[in-house]
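Any read-out appearing in this document is the output of simple, stated calculations on the displayed coordinates, not a laboratory observation. All of these numbers come straight from a predicted model, not from anything done at the bench. Every residue, glycine among them, receives a Cβ derived from its backbone with ideal geometry; neighbour counts consider all protein chains shown.
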Ligand SMILES: NC(=O)c1ccc[n+]([C@@H]2O[C@H](COP(=O)([O-])OP(=O)(O)OC[C@H]3O[C@@H](n4cnc5c(N)ncnc54)[C@H](O)[C@@H]3O)[C@@H](O)[C@H]2O)c1
């Protein structure tokens, strides 16, 4: 049996949303595997904390709004210039503005599309322009892209659109040996979710048990994901271990979208 390296020595990755939650865990996980990481986020203070959490690995913090295509292009160029040719890219930046159908704010709808879909498009475009054969992309979607959830119309639609973009990118880039996959988390303990919890203990219990009146099943595995649970799956799909996997969406939600 031959040994396959997870990541080539000297590999460089771009990670969006790296200032918090899942993106921060992906960045730290990559650095711990010897990958140099350009951390992109619109929150400069959060980025500084994430870089510190990477514990001295090769990193570059770039304050970027992923909704801005020029900013994303400049960031990829800066990553290549400062760290070396970019081989991997992860889209984890995202926003969640839940509302029942009749109460969706048009500004929230627009912002969600700009970040959750536009941001993914811009990362896929730069990946298509710059990643070499053997390169890989992972887009963080959501189990809401797979099953309907009340008050999640905007979010679910953006995540489903991001998944469609990623599948087409995977098809187009297969010809040049670049893989594109998705990880669809369920309930994960990050600031995005915790910001919605007025009573954290009650919210956790409700997430685990489910809410029949909202047609939510609960979480069969009986735990809420840590950001690292999602990051580990992202790292697997990004790595050489997954070299024959592309255009796939792996749901990581403890069985909640059964
Ligand atoms: N936490 C969950 O339960 C959960 C479930 C399913 C999917 N997700 C998805 O996982 C991804 C990561 O979410 P998280 O839970 O870590 O959230 P988070 O809020 O902790 O982190 C998201 C990061 O994205 C950044 N960001 C937002 N808009 C940006 C923009 N325009 N440009 C650059 N950066 C921007 C934020 O500043 C933040 O640092 C998101 O795409 C989210 O939709 C999360």
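Just for strands (runs of 3 or more DSSP E) wholly inside the stretch 6-96: which have at least 1 residues that are surrounded by fewer than 20 Cβ atoms within 10 Å (Cβ to Cβ), more than 8 Å from the ligand (Cβ to nearest atom) and without any contact (Cβ under 8 Å) to a residue 60 or more places away in the chain? Full working, then the answer.
Values: elements: 12-16, 36-41, 59-63, 86-91.
Counting at least 1 such residues, we get 59-63.
When 157, 161, 231, 195 are screened for being closer than 19 Å to residue 115 by Cβ and in contact with a helix residue (DSSP H, G or I) (Cβ under 6 Å, 6 or more places away or on another chain), only 161 passes. Look at (1) within 11 Å of the ligand (Cβ to nearest atom); (2) assigned to a loop (DSSP other than H, G, I, E, B); (3) surrounded by fewer than 17 Cβ atoms within 10 Å (Cβ to Cβ) and you find that residue 256 fails only one, number (3). When residues in the stretch 164-216 are screened for being outside any helix (DSSP H, G or I), within 15 Å of the ligand (Cβ to nearest atom) and surrounded by 13 or more Cβ atoms within 10 Å (Cβ to Cβ), 12 of them pass.
The residues of the stretch 118-159 that are within 12 Å of the ligand (Cβ to nearest atom), assigned to a helix (DSSP H, G or I) and within 17 Å of the chain's Cα centre (by Cα), listed by number, are 118, 119, 120, 122, 123, 143, 144, 145, 155, 156, 158, 159.
Out of curiosity, is residue 111 in a helix (DSSP H, G or I) and either in contact with a helix residue (DSSP H, G or I) (Cβ under 7 Å, 6 or more places away or on another chain) or within 21 Å of residue 230 (Cα to Cα) (or both)?
Values: in a helix (DSSP H, G or I): yes; either in contact with a helix residue (DSSP H, G or I) (Cβ under 7 Å, 6 or more places away or on another chain) or within 21 Å of residue 230 (Cα to Cα) (or both): no.
No, not satisfied.
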